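All of the numbers you see were taken from the coordinates with simple rules; none came from a lab. Bear in mind the structure is a predicted one, so any value in this text is a computation, not a measurement. Neighbour counts run over all protein chains shown; Cβ positions are idealised from the backbone, glycine included.
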């Protein structure tokens, strides 16, 4: 920090260090120094500024990874103090993988899953044709089973983006809940569905789980090669 920085207000110091931390034009040592300053300051605004480094990406992947790991360790070292800023940051974050991993380490699975539910609901209401964040949240959720996951993920099976639909499908499948069958059959038989990947996966799941289909004619019209309907169930040939 320069001599003149001492005359800046706290808010301006945070802003200046955030800019240093997230600027690709900054020297690596300046970004590291800014990260340390923000962590030591420890205010909610400073921690939000520190977390913003996760959204910035350097061209040199190894350097980018090393810097993010350093920021990760700084936030982790703050303990409970970082949880509330993390939750606030995740509402606006574009990249959620590392912040969610941090939240899981600093809290527990239950509170992190419920946070993801809230974030997905916010994405559903936003509907801004930017699928990357909701897809990342759904991918994270595929690794966790929860009573509320079926209800939360179900609307995304009808998303405009194929990756989001397929990720939502995997959340439903991994819940090991037979109630998913009706949701997946409805999407599978939708004439507007244009994803062969989704239809192949749904057919595979129905065949593997032995789920009955409620409308064999409609299901059969969309079956991919290698599957048939026999006695009201999907069978692999």
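Entry remark, segment 199-210: residues being touching a strand residue (DSSP E or B) at 6+ places or on another chain (Cβ under 7 Å) and surrounded by 15 or more Cβ atoms within 10 Å (Cβ to Cβ) number 3 in total.
Checking the stated criteria, residue 188 turns out to be crowded, with 20+ Cβ neighbours inside 10 Å and under 26 Å from the mean Cα position of the chain (by Cα).
If you check residue 156 against the conditions, is it touching a helix residue (DSSP H, G or I) at 6+ places or on another chain (Cβ under 7 Å) and over 19 Å from residue 194 (Cα atoms)? It is false that residue 156 is touching a helix residue (DSSP H, G or I) at 6+ places or on another chain (Cβ under 7 Å) and over 19 Å from residue 194 (Cα atoms). Looking only at segment 130-153, count how many residues are assigned to a loop (DSSP other than H, G, I, E, B), touching a helix residue (DSSP H, G or I) at 6+ places or on another chain (Cβ under 7 Å) and closer than 22 Å to residue 199 by Cα. So the answer is 2.
Can you confirm whether segment 223-236 contains a residue that is surrounded by fewer than 16 Cβ atoms within 10 Å (Cβ to Cβ), touching a strand residue (DSSP E or B) at 6+ places or on another chain (Cβ under 7 Å), touching a residue at least 24 places away in the same chain (Cβ under 8 Å) and outside any helix (DSSP H, G or I)? Yes: one or more hits. As a summary of the residue check, residue 156 satisfies the conditions (1) surrounded by fewer than 21 Cβ atoms within 10 Å (Cβ to Cβ); (2) in a helix (DSSP H, G or I) except for the one numbered (1). In segment 174-189, of all residues being touching a helix residue (DSSP H, G or I) at 6+ places or on another chain (Cβ under 8 Å) and not in a helix (DSSP H, G or I), the one that is nearest to residue 162 (Cα to Cα) corresponds to 189.
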